[in-house]
Amino acid sequence: MPTPTDTTLLLDVMLGKLATYLRMCGYDTVYALDRGVETDGRIRELADEEGRRLLTRDVDLGHDTDGALVLRGREIEEQLTELLEAGFVLALDEPVRCSVCNGRLREVGADERTPPFAPSPAEQPVWRCRDCGQPFWRGSHWDDVETTLESLR
């Protein structure tokens with residue numbers, strides 16, 4: 001059963017929205033376009049070089065890549081359902097991955113400053129990406145993703 005602690009993923013160019021969901025669920029998830037990778041050959045190489053399992057909607061790419069999982073659904077709910085059926089653990093817990101860049105998050109101290117659009121860490125937990133600096137908290141987007149995941153169970 002693939003879990004966030006033992007599974008690293010590479011998503012092809014057709015699965016950008018799915019990358020956000022998987023990162024929020026704690027998976028180390030590289031989105032090919034974030035690395036400037038678009039060709040099938042280079043996607044296969046990257047999966048092999050980094051030991052990542054490829055998720056793709058491209059049947060030919062999937063069949064030519066060892067261990068790849070080909071998703072058929074176009075909509076995010078369909079893709080998430082396919083992952084659940086494949087045994088993936090999809091749940092929100094403590095945020096550990098940046099949904100923007102896949103960097104690791106660290107909790108912001110209660111005395112640290114956050115941007116004006118983010119809540120105060122003295123009032124609710126806030127995390128910051130160690131790579132890009134993006135702040136995260138359990139707000140409406142978190143609630144929306146949680147609702148989507150719960151609706152699939």
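The numbers here are math on the coordinates, done by the rules we state, and not lab data. As the structure is a prediction and not an experimental result, all values here were calculated from the model. FYI the Cβ positions are ideal-geometry reconstructions off the backbone, even for glycines, and counts take in every protein chain you see.
Estimated from the Cβ-Cβ distance and a Förster radius of 22 angstrom, the FRET efficiency linking GLU38 and VAL59 is about 0.80. In the range 1-109, taking the dipole from charged Cβ atoms about the Cα centre, the farthest positive-side position among THR8, SER99, LEU61 is held by SER99. Spin-label model, SER140/VAL89: points 7 Å from Cα along the beta carbon direction are separated by 3.2 nm.
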